[in-house]
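See below for the structure under consideration.
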Amino acid sequence: MVKLTYHGHSCFEITDGQHNLIIDPFITGNPFAKVKAGDVHPNYVIVTHGHGDHWGDTEQLAKSNHATVISNFELGDYAARQGCTNHSLHIGGKANFPFGWVKLTIAHHGSTLPDEISYGGNPAGILLNIGGKTIYHAGDTGLFLDMKLIGEMNAIDLALLPIGDNYTMGPVDAAKAVEFLRPRQVVPMHYNTFPPIKQDPNDFAKLVRAQGIECTVMSSGDTLKL
Ligand code: NI
Ligand code: MN
């Protein structure tokens, strides 16, 4: 069984009971996080792009848990320079891990290194297989038609989609993304953390349910079993 725990914004912990993964570990400074960075113990830290609200506590978590950072090449190189163990991938590339596999997808957004100045490589979305379940974490992105291809080539059990608007897709575009991806279940993310991304996730949930697809609005600390 795969268990997913939400920590607010775009941060999710995922475990198959044996391997612990965390995606976009923005815990310190995240107004919704109910845990401290020292409370989570990942084996893998997966990062979609270098913006502070996604890179977050990556360095500390990787070092204190001897966890491997999985990210694009530029961020992976940065992580290695800070003394972290890393496995770098790039868009379209997939690699096997003891828990399953990870593939990077495109994401239309920006990316800097955590210094907020240096080039951070292309931002990415994450396709992840763990415990036989396929999860798509879109990262920060606008809507793109290639989501249709992602949905066609993968039976997605769970899609984690940004709905905050302003920096990423808003609810209407994210509902269109659901139409393209045809996942079994959807969880909205990247909303209400900051004033410019204020949304009512239930409005989005209605748009998803109207397509006959399950949508679960998670609060920070909630868990979901797949
Ligand atoms: Ni971003
Ligand atoms: Mn963001």
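Taking the condition on the phi < 0 side of the Ramachandran plot, within 16 Å of ligand 1 (Cβ to nearest atom) and under 14 Å from the mean Cα position of the chain (by Cα), does G50 pass? Yes: the conditions hold for G50.
When the residues of the stretch 125-183 are filtered to those that are within 16 Å of ligand 2 (Cβ to nearest atom) and among the hydroxyl-bearing types (S, T, Y), the one that is nearest to the chain's Cα centre (by Cα) is T141. Taking the criterion of being hydrophobic (A, V, I, L, M, F, W, C), free of Cβ contacts under 8 Å to residues at least 60 places away in the same chain and in a strand (DSSP E or B), the only residue of the stretch 116-132 that qualifies is L127.
Results for (1) touching a Lys or Arg at 6+ places or on another chain (Cβ under 7 Å); (2) over 24 Å from E59 (Cα atoms); (3) in contact (Cβ under 8 Å) with a residue 12 or more places away in the chain, shown as yes or no for each residue.
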{"site": "K103", "(1), (2), (3)": "yes, no, yes"}
{"site": "P114", "(1), (2), (3)": "no, no, yes"}
{"site": "F144", "(1), (2), (3)": "no, yes, yes"}
{"site": "E152", "(1), (2), (3)": "no, yes, no"}
{"site": "D157", "(1), (2), (3)": "yes, yes, yes"}
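Scan the stretch 91-117 residue by residue and report those that are away from ligand 2 (no atom under 16 Å from the Cβ), small (G, A, S), more than 18 Å from T68 (Cβ to Cβ) and surrounded by 13 or more Cβ atoms within 10 Å (Cβ to Cβ). If the condition is that a residue be away from ligand 2 (no atom under 16 Å from the Cβ), small (G, A, S), more than 18 Å from T68 (Cβ to Cβ) and surrounded by 13 or more Cβ atoms within 10 Å (Cβ to Cβ), then no residue fits.
Go through the stretch 30-55 residue by residue and tally those that are within 16 Å of ligand 2 (Cβ to nearest atom) and touching a helix residue (DSSP H, G or I) at 6+ places or on another chain (Cβ under 8 Å). Number of matching residues: 6. The sole residue among K225, K206, K198, K133 that is over 25 Å from V35 (Cβ atoms) and not small (G, A, S) is K206. Every test in (1) in contact with a Pro (Cβ under 9 Å, 6 or more places away or on another chain); (2) surrounded by fewer than 19 Cβ atoms within 10 Å (Cβ to Cβ) is passed by M153 save one, and that test is (1).
Considering the conditions (1) on the phi < 0 side of the Ramachandran plot; (2) modelled with pLDDT of 95 or more, S118 is excluded by exactly one of them, (2).
The values are calculated or read from the model by the stated rules, or taken from the named source; none is laboratory data. Owing to the predicted nature of the structure, the values given are computational and were not obtained by experimental measurement. Cβ sites come from the backbone with ideal geometry, for glycine too, and all protein chains shown count toward neighbours.
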